[in-house]
Each structure stands twice: as C-alpha cells, then as structure tokens.
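Here's the structure we're looking at; comments come further down.
The values are calculated or read from the model by the stated rules, or taken from the named source; none is laboratory data. All of these numbers come straight from a predicted model, not from anything done at the bench. Here the Cβ positions follow ideal geometry from the backbone for every residue, glycine too, while neighbour counts run over all protein chains shown. Please note that ligands, DNA and RNA were not included when accessible areas were found on the heavy atoms of the full protein model with its side chains. Shrake-Rupley method; radii C 1.70, N 1.55, O 1.52, S 1.80 Å.
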Amino acid sequence: MKKGWEEKALGDVCTLQRGFDLPKHSRTDGGFPLVSSSGISDTHNEWKVKAPGVVTGRSGSIGNVFYIEDNFWPLNTVLYIKDFHGNDPRFIYYLLTQFDLAKYSGGAGVPTLNRNNVHDIIVSIPKSIPEQQHIVAVLDKAFSAIATAKENAEKNLQNACELFESYLQSVFDNPSGGWKEKKLDEACDLITCGVAARPSYVDRGIPFLSAKN
C-alpha cells in the first residue's frame, strides 16, 4: 500500500442512503434538480440534500455515478452519500466510479443495489485530505482535456461531413459535359434478397448487410 494511504470498508469512508419518494403529481417545477438513477431528470421547488452530492442508481440504471453541484432531491431510485466522513466529496465521486456497482445488485425482478453490500467493499484512500484534493485536481484537469479534445474532434468531423455533402450536392446539381440522364434501373441493378432465418454470425468472413448496417 502507498505511504500515507489506508484500507477501510467503504461504509467507513462514506455512508450511502436511499433517496426520497416524490410522485410526479407532487412535483413543482423549481430551481433544484431531481436526481434519478439516470441522472438529473427534472426540477422541484424543494431540496432534501445539501450540495455537493454524490449519487448512484439504486434500481433501474445501476452503476452510473453522478456528482451534483447544487442542493438537490435524490429520488427513491438512487442511493446518495449521506455522510462523507470528512473525505473530499469529489474524491469519493471518483472513487465510486472505479467499481462495478451493478455486481452488488440483487432481486429476481428489477435489480436493486444493496447499500449494505456496497458498504462492505474494502477500499484504499489517502489519509490526507490535501492529498485527496490533489488527486481530484489532476483527474479534473485530465477529464477536462479529454472533453475538449472530444468536442474538437466531433466539430472537425461535422465540418468534414458538411464539406463532403456540399461538394457532392454541387457535383450532381451542376453536371459537367459528358453527363446524360437515365432511369435508376438503367444505371444499376437493384436486388432484394430476403433471409428466411437469422444467419449464424462469425467473427470473420463474408460481410453481411442488413437494413441497419
């Protein structure tokens, strides 16, 4: 174990608690986020938990972890951190993202995350809060750079697609000499091939084309 770190049960590092019921007919649009197992899903005019908060899905979507920066209302489909036991909240958020929380769920019908099972997980954390905050700063900077790079890549791809579509449209809108008009079936053969049964797929071989891909 790293110097200055210690092993503890997760329940001694942070305490998870089930969220609160709030039927849709009782909700009033307001300035506080309602947090479900899939993230912020609505707003309400009251809050139950003071920010910052960390939330994960209890039933439905299990495994996602959310960091909430405003006072919020966690719904009954989530578990929220009731007590950080003096640890840095954002460090706890990153810590929880490292676990496959779904494997701690149970139930024959809708899988439900058992907080008692999660509390028994043994974790290693820095004893020093400044060290936790240093790790958070490094991770925040790294993920911010990744988000910026992804945004730029998506923007460049969109620009390239728009440029290609514009050029392609201009080619067919303004044909040069040597072009002639034909019916589509004179230019190519259209073949429809139905498949009676689902084929047996293999990793390598002849490409199979469907309506989707």
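A few points about this structure:
- The chain: most fluctuating residue of E186, E131, E151 per GNM, C-alpha cutoff 10 Å: E186
- Positive end of the dipole of region 64-110 (Cβ unit charges, origin at the Cα centre): among V78, F91, S105, the Cα lying farthest that way belongs to S105.
- Dividing the radius of gyration of the alpha carbons in region 3-72 by their Kirkwood radius gives 1.06 for Rg/Rh.
- A simple count of charges around N156, restricted to other residues whose Cβ falls under 13 Å of its Cβ and scoring Lys, Arg +1 and Asp, Glu -1, yields -1.
- Charged side chains reduced to their Cβ positions (Lys and Arg at +1, Asp and Glu at -1) give the chain a dipole of some 600 debye around its Cα centre.
- Residues of region 12-39 with an amide N closer than 19 Å to a point placed 7 Å from the Cα of E46 along the Cα-to-Cβ direction: 18-36.
- In this simple spin-label approximation, T192 and F164 carry label points 7 Å from Cα along the Cα→Cβ vector, and these lie 2.9 nm apart.
- From the coordinates shown, Rg and Dmax of the Cα atoms in Å corresponds to which of (1) 19.2, 66; (2) 26.4, 79; (3) 37.1, 128: (2)
- R18 contributes an accessible area of around 90 Å² to the protein surface, as traced by a 1.4 Å probe with all chains present.
- Considered as an equivalent ellipsoid built on the Cα gyration tensor, region 18-58 has semi-axes of 16, 12, 9 Å, the largest given first.
- Most to least accessible of H119, H44 (protein chains only, probe 1.4 Å): H119, H44
- Relative to the current alpha-carbon distance between N114 and N174, full extension at 0.36 nm per residue lengthens the span by 15.1 nm.
- In region 132-183, trypsin sites (Lys or Arg not before Pro) in a DSSP loop with at most 16 other beta-carbon atoms within 10 Å: K180, K182, K183
- Under the convention that each Lys and Arg Cβ holds +1 and each Asp and Glu Cβ holds -1, the size of the dipole of region 70-186 around its Cα centre is about 360 debye.
- Look at the dipole of region 49-170 built from charges on Cβ: of N114, F66, S144, the Cα furthest out on the positive end belongs to N114.
- You can think of it this way: the chain between K155 and N71 has 26.9 nm of extra reach, that is 0.36 nm per residue less the Cα-Cα gap.
- Taking all protein chains together and rolling a 1.4 Å probe, Y104 ends up with roughly 60 Å² accessible.
- For the chain, the longest principal axis of the C-alpha atoms and the axis of helix 129-173 are separated by about 10°.
- The separation of region 101-178 from region 41-71, counted between C-alpha centres, amounts to 19 Å.
- Farthest toward the positive end of the dipole of the chain, out of P130, N45, L16, is the Cα of L16, where the dipole comes from beta carbon charges about the Cα centre.
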